[in-house]
Ligand SMILES: Nc1nc2c(ncn2[C@@H]2O[C@H](COP(=O)(O)OP(=O)(O)O)[C@@H](O)[C@H]2O)c(=O)[nH]1
Ligand SMILES: [Mg+2]
């Protein structure tokens, strides 16, 4: 699975489009998405398919669909608007049978998920900025460090030169955790002592990436701080410090959200989005929840694209998010 856009030898960047997956890679995304949504499909969202399996699709079923979507953490507003569009289309297009309504629902679900992806992510561009600076934020335990390890491994396998910055200086264990990943993957880690200034670590990481002509630098951050320091202010500072070296950086700010926290996660996400301009979401622990509807709430309520899904705890358990695959997996 390629995550990083690698220019084929001898091609000029303008001749190639954004990252396109091969048939083999598509199959891999399909399988990972299926695995990650297994619980959702067998749980609440699986009831969608049951509704459509009934011989008659009558008016009462709209309420049932709405209830299922809300129970699956889609959120009342998102579920309401989604179904209103499906109903309107069903009426306008004269669709009355279950199979037809189901197809309309699938199309509208994909539309909700695809709406925020206005531009391709920087790592998929034919000619990404160099070094590409990715800042990773999110609350404690959401899966930031693990996701950074998975991403770094994938980028490295694609031939990109990676530097990691351990700007979660709150706990010694956090730095060690990133060091373990860096050693295992064989990438450079920039770290200082526990308790040191996160901005200084981020600055050093970017400087090291520039000096070594690295392709990408991924900066880990804390999910909480000592009581008197404000986390959001600290994150803003990290971004500002990085801008002293590269004015356009961070090029991507990934917010890591734990899918099992459901609607609570959305409130957290808003706080981060307001503090540091989040450009995309990594939805982790999708494998551990039956409430995969949270992906729709993220796209609709936050207006942010989901870029990756965490499908487990192993190094390979990260997949690019694909709206069609996701919808196909929860509503087969
Ligand atoms: N099942 C599952 N566990 C995950 C996933 N991502 C992270 N974790 C686990 O979540 C826990 C917290 O992860 P960590 O990266 O330390 O979170 P951080 O505090 O945000 O850096 C660890 O036990 C990870 O193995 C995922 O996609 N699926
Ligand atoms: Mg961490």
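Here are the numbers for the structure shown:
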| item | result |
| --- | --- |
| Count of residues meeting criterion [within 23 Å of residue 325 (Cα to Cα) and in contact with a strand residue (DSSP E or B) (Cβ under 8 Å, 6 or more places away or on another chain)] in the range 110-142 | 4 |
| Residue within the range 141-148 that is touching a residue at least 40 places away in the same chain (Cβ under 8 Å), within 19 Å of the chain's Cα centre (by Cα) and away from ligand 1 (no atom under 11 Å from the Cβ) present | no |
| Qualifying residue in the range 284-299 (condition: part of a strand (DSSP E or B) and in contact (Cβ under 8 Å) with a residue 12 or more places away in the chain) | yes |
| Set 133, 112: member being assigned to a helix (DSSP H, G or I) and surrounded by 15 or more Cβ atoms within 10 Å (Cβ to Cβ) | 112 |
| Selected residue (criterion: farthest from residue 187 (Cα to Cα)) from residues of the range 205-226 that are within 12 Å of ligand 2 (Cβ to nearest atom) and not in a strand (DSSP E or B) | 224 |
| Test: residue in the range 185-196 that is assigned to a helix (DSSP H, G or I), touching a helix residue (DSSP H, G or I) at 6+ places or on another chain (Cβ under 9 Å), under 26 Å from residue 247 (Cβ atoms) and within 16 Å of ligand 2 (Cβ to nearest atom) | no |
| Residues of the range 136-176 classified as assigned to a helix (DSSP H, G or I) and either more than 13 Å from residue 221 (Cβ to Cβ) or at pLDDT below 95 (or both), total | 14 |
| Residue 217 modelled with pLDDT of 95 or more and within 23 Å of the chain's Cα centre (by Cα) | yes |
| Test: residue in the range 59-70 that is within 21 Å of residue 291 (Cβ to Cβ) and under 22 Å from the mean Cα position of the chain (by Cα) | yes |
| Condition met for residue 141 (within 16 Å of ligand 2 (Cβ to nearest atom), at positive phi and surrounded by fewer than 17 Cβ atoms within 10 Å (Cβ to Cβ)) | yes |
| Index of the failed condition, residue 271 passing every other in (1) surrounded by 20 or more Cβ atoms within 10 Å (Cβ to Cβ); (2) part of a helix (DSSP H, G or I) | (1) |
| Residues (within 15 Å of residue 135 (Cα to Cα) and either more than 14 Å from ligand 1 (Cβ to nearest atom) or in contact (Cβ under 8 Å) with a residue 60 or more places away in the chain (or both)) located in the range 166-190 | 167, 189, 190 |
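Here is a yes/no grid of residues against (1) in contact (Cβ under 8 Å) with a residue 60 or more places away in the chain; (2) away from ligand 2 (no atom under 16 Å from the Cβ):
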{"position": "247", "(1), (2)": "no, yes"}
{"position": "269", "(1), (2)": "no, yes"}
{"position": "272", "(1), (2)": "yes, no"}
{"position": "275", "(1), (2)": "no, yes"}
{"position": "311", "(1), (2)": "yes, yes"}
{"position": "316", "(1), (2)": "yes, yes"}
{"position": "319", "(1), (2)": "yes, yes"}
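The values are calculated or read from the model by the stated rules, or taken from the named source; none is laboratory data. This structure is a prediction, so every number in the text was calculated from the model and none was measured. So basically every Cβ, Gly included, is an ideal-geometry build from the backbone, and we count neighbours across all protein chains shown.
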